[in-house]
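This report concerns only the one structure given below.
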Amino acid sequence: MIRRLGLLLGAEGRGAYRRYLAALFGYNILQGAAYVLLVPVLRDLLRAETADAARWFALLAVVVVAGWLVSYTAQQLGFRLGHLLARTLHHRLGDHLAELPIGWFTGDRVGGVGQLTSKGVIDIMGLPAHMLQPLVSAAVTPLTVVVGTLLFDWRLGLCALVTVPGVFAVFAWAARRAAEVDDELHRNGAEAADRIVEYARLQPVLRSTGRTRAGHRQLIEALAAQHAAQRKQLLRSLPALGANALTVQLVFTALIVVGATLALRDPGRTPEVVALLALLARFAEPLAASAEYGALLRVARNSLTRINEVLDTPPLPHPDTPSALSGHHIEAEHLTFAHSPERPVLREVGFTVPEGTTTAVVGPSGAGKTTLLWLLARFLDLAPGDGTIRIGGVDLRDLTAEQRAALITPVFQDVYLFEGSIADNIRLARPDATDDQLAEAARLARVDEIVARLPDGWDTQVGEGGTALSGGERQRVSVARALLKQAPIVLLDEATAAVDPENEAAITAALAALTTTRTVLVVAHRLTTVTRADQILFLHEGRIAERGTHAELLALDGRYAAFWHRRRRARGWRLETGDGRGGGDAAGNGADAGAGDGTDTGEATGDGDTAGGTTGGGDSAAPAGVGR
């Protein structure tokens, strides 16, 4: 553990760490020497040889003062190292996590990393500040005492030396026994932390559905599992702690028996034997203290191991120099990807997206659409032999991180806004953008409408994660961010999947502005998005089952045609006003001519898409009808 701490500190803290260890070992050696010097002091006092006792006492005082100075230095260095460790770990973890593929951050890993960066770092920074001192003392001080005892009485010293391996063997057994449930405790703690955050964030949903009590179930189960793991650890630790304490007491008792036997055999050495027994009491004390710190040391060591496991995870490899591109077209060949070996998500997928065109990826749920986009964004990385993705004729893996970030803008349905203003969140794409460029991107995404109705305008604080805005408003800000970035390639994944009609119309218009000048690959179920695409890829069970334009695939009358007709039947039901006569589709895909009679259940039989007008042109006083 001492060596691993040094590796974590790196070159910056290595010198301070060595000085700290030197001071720590020096203090414990001086402490052991002070205990040894008590023997001649007590021996001469018991023999009434005060002059000799005074000389030994003077030497003892010098050693004690030196030990105090070294101890003070060690404590100061320990606290500084603790803060340095916390800063170093947070920076190293942050830098390394930024280099890992996005796909690495699964739910269980996110909870574990959250625990490591909070509780785990605190556990480790406590090592130099509080826990290394008793650990080193448990090893160095008893050995120093044993060496001193050997100098005065080799028999008693040899007995003490023989007990040392047995004591540490018991300590090691106790530590292993208690550590058997540490992983379970860590896993349950991470799960409980995730559930607490989830329960707090979902309060609006739980309360709106009247599940304020039923919503406790998963949280209660996670807390119960954590409590059970803590009890299990306690039940395993108590016998271990008892064994440690009993071993130390048995060793000290055995040494007392040996010392008393020696004193009875040689009464003239009784004062020296009494002094040696007092010294051996100092031999047992650090051992007993180390047992009490054993659980804390084990927790810190486990946190250190887990942090090292994260730091040892291979980062996403990047070249050092950028590559020269020939355009911005996308080529994919023989893409095969699996989150687990037994269930491939993509199988031998290949396609080309010409520069300046829009390609729509459609298919049933679980077909691999989102995985495909994540591979194109390199949020997931392909293993060697699992296919190739090229942009502008260059392998995606040969692009630097900066080059890839400048080329590709992903717009996904899960939008995260950082705490700050609306303007700050849009400017993340281009911090050097002018006010006019910001305003134009906001206008195209219709964020200017949001800004106009808020009291603080552009300075409106969005809150952590954007919670001060609605889901549709957050999505508009993310689209404005993509427009401001002006990357030549845009990846869209269900950007309008869960927003209200007003925000859907705004986002759809903004996305239309994006697709006019960029190379776009979009995963969408919105029918207008699909029909406007230059080509459509229909994914089924991880393979491209069909490809072509909307008209070509309808004429093929295969899987895509069946999918299209199902979607149109599902999307046809909507509220209408007036006499049931719907307006024409804004995309020009046919008229939503209603055949209803203006009653509550008018039926629209037109072929138009719902992206057009949804209110009929009849008398505004007529009752609402439900059209199909």
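Tell me, yes or no, whether the range 410-420 has at least one residue that is assigned to a helix (DSSP H, G or I), open to solvent by less than 80 Å² (accessible area, probe 1.4 Å) and modelled with pLDDT of 85 or more.
Of the range 410-420, the ones assigned to a helix (DSSP H, G or I) are none.
Looking for residues that are assigned to a helix (DSSP H, G or I), open to solvent by less than 80 Å² (accessible area, probe 1.4 Å) and modelled with pLDDT of 85 or more, one finds none in the range 410-420, hence no.
Can you pull out the residues in the range 255-267 that are open to solvent by 50 Å² or more (accessible area, probe 1.4 Å) and under 56 Å from the mean Cα position of the chain (by Cα)?
Kept after step one, since they are open to solvent by 50 Å² or more (accessible area, probe 1.4 Å), are these residues of the range 255-267: 256-257, 261, 264-267.
Passing the criteria: only Ile256.
If only residues of the range 444-492 that are open to solvent by less than 20 Å² (accessible area, probe 1.4 Å) and assigned to a strand (DSSP E or B) are counted, the one that is farthest from Gly392 (Cα to Cα) is Leu492. Hey, can you tell me all the residues within the range 58-91 that are over 20 Å from Leu132 (Cα atoms), over 38 Å from the mean Cα position of the chain (by Cα) and open to solvent by 90 Å² or more (accessible area, probe 1.4 Å)? The one that is over 20 Å from Leu132 (Cα atoms), over 38 Å from the mean Cα position of the chain (by Cα) and open to solvent by 90 Å² or more (accessible area, probe 1.4 Å): Val62. Among the residues examined, Val110 does not qualify as open to solvent by less than 20 Å² (accessible area, probe 1.4 Å) and β-branched (Val, Ile, Thr). If the condition is being among the small types (Gly, Ala, Ser), on the phi < 0 side of the Ramachandran plot and not in a helix (DSSP H, G or I), then the range 529-563 contributes Ala533, Ala545, Gly558.
It is to be established whether one or more residues within the range 10-28 are in contact with a Leu (Cβ under 8 Å, 6 or more places away or on another chain) and of a type in the set (Asp, Glu). Looking for residues that are in contact with a Leu (Cβ under 8 Å, 6 or more places away or on another chain) and of a type in the set (Asp, Glu), one finds at least one in the range 10-28, hence yes.
Checked against (1) in contact (Cβ under 8 Å) with a residue 40 or more places away in the chain; (2) open to solvent by less than 70 Å² (accessible area, probe 1.4 Å); (3) not charged (D, E, K, R), Ser340 meets all criteria but (1). Just the residues that are of a type in the set (A, V, I, L, M, F, W, C), modelled with pLDDT of 85 or more and in contact with a Leu (Cβ under 9 Å, 6 or more places away or on another chain), please, taken from the range 442-461. Matches in the range 442-461: Ala442, Ile450, Trp458.
Find the helices (runs of 4 or more DSSP H) located wholly in the range 101-195 whose residues include 3 or more that are more than 21 Å from Gln226 (Cα to Cα), at pLDDT 75 or above and touching a Leu at 6+ places or on another chain (Cβ under 9 Å), and list them. Steps first, please.
Values: elements: 107-115, 121-126, 132-152, 154-179.
Correct list: 121-126, 132-152, 154-179.
Ser326: open to solvent by 20 Å² or more (accessible area, probe 1.4 Å) and over 21 Å from Thr517 (Cβ atoms), yes or no? Don't jump to the end; show me each part of the working.
Values: open to solvent by 20 Å² or more (accessible area, probe 1.4 Å): yes; over 21 Å from Thr517 (Cβ atoms): no.
No.
I'm trying to understand the selection: among the residues of the range 406-433, which are within 23 Å of the chain's Cα centre (by Cα) and either without any contact (Cβ under 8 Å) to a residue 40 or more places away in the chain or within 19 Å of Gly472 (Cβ to Cβ) (or both)? Of everything in the range 406-433, those that are within 23 Å of the chain's Cα centre (by Cα) and either without any contact (Cβ under 8 Å) to a residue 40 or more places away in the chain or within 19 Å of Gly472 (Cβ to Cβ) (or both) turn out to be Pro410, Val411, Phe412, Gln413, Asp414, Val415, Tyr416, Leu417, Phe418, Asn425. Pairing residues of the range 539-550 that are of a type in the set (A, V, I, L, M) with residues that are open to solvent by 40 Å² or more (accessible area, probe 1.4 Å), at Cβ distances under 9 Å and at least 6 apart in sequence or on separate chains, gives Leu539/Pro364; Leu539/Ala545; Ile544/Glu348; Ala545/Arg559. Selection of the range 133-175 for residues being among the hydroxyl-bearing types (Ser, Thr, Tyr) and closer than 16 Å to Asn28 by Cβ yields Ser137, Thr141, Thr144. Going by what's in this entry, would Ala51 be described as open to solvent by 30 Å² or more (accessible area, probe 1.4 Å), free of Cβ contacts under 8 Å to residues at least 12 places away in the same chain, over 28 Å from Thr141 (Cα atoms) and over 19 Å from the mean Cα position of the chain (by Cα)? Spelling it out, Ala51 is indeed open to solvent by 30 Å² or more (accessible area, probe 1.4 Å), free of Cβ contacts under 8 Å to residues at least 12 places away in the same chain, over 28 Å from Thr141 (Cα atoms) and over 19 Å from the mean Cα position of the chain (by Cα).
Considering (1) part of a helix (DSSP H, G or I); (2) over 29 Å from Arg306 (Cβ atoms), the lone condition that Ala48 does not fulfil carries the number (1).
Return yes or no: is Thr358 within 20 Å of Val522 (Cβ to Cβ), of a type outside the set (Lys, Arg), touching a strand residue (DSSP E or B) at 6+ places or on another chain (Cβ under 6 Å) and free of Cβ contacts under 8 Å to residues at least 40 places away in the same chain? Steps first, please.
Values: within 20 Å of Val522 (Cβ to Cβ): yes; of a type outside the set (Lys, Arg): yes; touching a strand residue (DSSP E or B) at 6+ places or on another chain (Cβ under 6 Å): yes; free of Cβ contacts under 8 Å to residues at least 40 places away in the same chain: no.
So Thr358 does not fit the description; no.
State whether one or more residues within the range 85-103 are among the polar types (S, T, N, Q) and within 23 Å of Ala193 (Cα to Cα).
Step one: of the range 85-103, the residues among the polar types (S, T, N, Q) are 88.
After this cut, where a residue has to be within 23 Å of Ala193 (Cα to Cα) as well, the list is none.
For the range 85-103, residues among the polar types (S, T, N, Q) and within 23 Å of Ala193 (Cα to Cα): absent.
The values are calculated or read from the model by the stated rules, or taken from the named source; none is laboratory data. The structure presented is a predicted model; accordingly, all values stated were derived computationally and were not measured. Every residue, glycine as well, gets a Cβ built from its backbone with ideal geometry; the counts of neighbours run over all protein chains shown. Protein only, heavy atoms only, side chains kept; ligands, DNA and RNA dropped before computing areas. Shrake-Rupley method; radii C 1.70, N 1.55, O 1.52, S 1.80 Å.
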